[in-house]
Amino acid sequence: MLQKLEELKKEFRESVEGLTDKNSLAKFKSDYLGKKGKLNDILKGMRSATTDVKKSVGAAANEFKQEIQESLVKQLAKIEIDEINSQLKKSWQDVTLTDDVQVKGLQASGYHPVTLIQREIEDIFISMGFDILDGPHIEDDFHNFEALNIPATHPARDMQDTFWFTDMAHLLRTHTSCIQVRGMEAHEPPFKFVGPGKVFRCEATDASHEMAFHQLEGMMVGKDISVANLIYFMKTLLSEIFRKDVNVRLRPGFFPFVEPGFELDIECLICGGTGCKVCKQSGWVELLPCGMVHPNVLRAGGIDPEQWNGFAFGLGLDRLVMMRYHIDDIRHLHSGDLRFVEQFKAY
Ligand code: DAH
């Protein structure tokens, strides 16, 4: 009997790995372990065997049973993995294909208008010698506030309603100005860079406010930078974006991280200055807060304000998109409605 068992074991081991589907695996199991299966067939002679034989054959048979069960479980896992892999292979899609390629019946959509405008502005700044920097959405108190001359007790913290994490030390960045701080930490002056990205504010939404929106921060640090440099770059930017002269006005504006600070407004391109819901009937839209970098900010970024100075600005990308494409409600931008996105194919 022992010898028959050994032969059966050999036969089992040789054939189990050839099983490639669940049905044949189930049949295989009953062939070996079923009531009328191969194992029981061998053990039929046990009744008349001596106690010693019963003991040794019984032990060997149990061991073999266990081996069969373990091997079948392993083989089943292998079959399942193969099934998943072959299914994945069949439904494979190249997500990098562009919209001029017909992807297996998928309808290609357009670029989101914020992406389009962001790329366009990046190109404009690259052509003027700026670097493009990135930063994390989850920031700490230091990069979002402290280093930007907004200490814990500063009333300016109330200017922006913040999504805090429960540790009260981390937050969803309320502006891209944090990229200024990260840029200063990583670079030796002179430098100039822009940092686009998503920002978050805990506030009620309406036609011109969203909880998540997009900004593009800019910073230039060098020797003897002046407001004239700032105005030059801002004017160049706006005439490139709108491909025409737009009416702008500069007002004093307060931001703790710049001194002096300004608000650069453009005449509303939706109503042409006569008043609508986007410009809140004023005819002007706040587009470009900016100013000369505060010495405390340079210091926090490890730069000596006696040696270097610079300007900074924060551009609201969503508003720019709205002006550019005449969209009168910012909430369309995050609606996820494909009929909306499909209108912006060109880049
Ligand atoms: N971080 C400001 C905000 O989100 C925008 C801003 C204002 C950025 C002035 C600047 C600046 O760089 O100089 O409201």
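The values are calculated or read from the model by the stated rules, or taken from the named source; none is laboratory data. Predicted model only: the values in this text are computed from it and were never measured. Ideal geometry is used to build each Cβ from the backbone, glycine not excepted, and the neighbour counts take in all protein chains shown. SASA here: full protein model, heavy atoms, side chains in, ligands and nucleic acids out. Shrake-Rupley method; radii C 1.70, N 1.55, O 1.52, S 1.80 Å.
So here's what we get for this one:
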read-out: For Asn296, net neighbour charge (Lys/Arg +1, Asp/Glu -1) across residues whose Cβ lies under 14 Å away; value: -3
read-out: Rounded to the nearest 10 Å², the accessible area of Met219 at probe 1.4 Å; value: 0
read-out: Segment 113-341 - charge dipole about Cα centre, Lys and Arg +1 at Cβ, Asp and Glu -1, debye rounded to 20; value: 640
read-out: Between helix 51-90 and the chain: long-axis angle, C-alpha atoms, 0 to 90°, nearest 10; value: 30
read-out: Segment 1-50 shape via C-alpha gyration tensor axes, a/c threshold 1.5; value: oblate
read-out: Pair-distance profile P(r), taking every C-alpha pair of segment 113-341, with 5 angstrom steps and integer %; value: 1, 7, 14, 19, 20, 18, 12, 6, 2, 0, 0
read-out: Whichever aspartates and glutamates have a C-alpha closer than 17 Å to that of Lys38, once near sequence neighbours (fewer than 8 apart) are set aside; value: Glu6, Glu7, Glu11, Glu14, Glu63, Glu67
read-out: Segment 1-78 versus segment 273-318: alpha-carbon centroid distance in Å; value: 78
read-out: Distance cut-off 23 Å, percentage of C-alpha pairs in segment 2-91 lying past it; value: 33
read-out: Accessible heavy-atom area order of Arg299, Arg157, Arg243, highest first, probe of 1.4 Å; value: Arg243, Arg299, Arg157
read-out: Ellipticity estimate at 222 nm from DSSP helix runs (n ≥ 4, -39,500 (n - 2.57)) divided over the chain, nearest 500; value: -12500 deg cm²/dmol
read-out: For segment 121-170, Kirkwood radius (reciprocal of mean inverse C-alpha pair distance, Å); value: 13.1
read-out: Candidates Glu122, Glu11, Glu83: whichever shows maximal mean-square fluctuation once the chain is modelled as a Gaussian network with Cα springs under 10 Å; value: Glu11
read-out: Sequence of Phe311, Phe233 when ordered by accessible area, the most exposed leading, probe 1.4 angstrom; value: Phe233, Phe311
read-out: Accessible surface, 1.4 Å probe, highest first, among residues Thr174, Thr274, Thr166, Thr50; value: Thr166, Thr274, Thr50, Thr174
read-out: Förster radius 51 Å - calculated FRET efficiency between Ser48 and His112, Cβ distance, rounded to 0.05; value: 0.05
read-out: Distance violations [Cα-Cα > 23 Å] among Lys4/Lys29; Lys89/Lys198; Lys35/Lys78; Lys192/Lys235; Lys36/Lys65; value: Lys89/Lys198; Lys35/Lys78
read-out: Unpartnered cysteines - no second Cys beta carbon under 4.7 Å - across the chain; value: Cys178, Cys202, Cys290
read-out: Of Val199, His214, Leu43, farthest towards positive along the dipole that unit charges on Lys, Arg, Asp, Glu beta carbons give the chain; value: Leu43
read-out: Glu267 accessible area, assembled protein chains, probe 1.4 Å, Å²; value: 60
read-out: Rough spin-label spacing in nm, given labels placed 7 Å along Cα→Cβ, for Lys198 and Glu63; value: 6.0
read-out: Carbon + sulfur, % of accessible area of the chain - ligands and nucleic acids excluded, 1.4 Å; value: 52
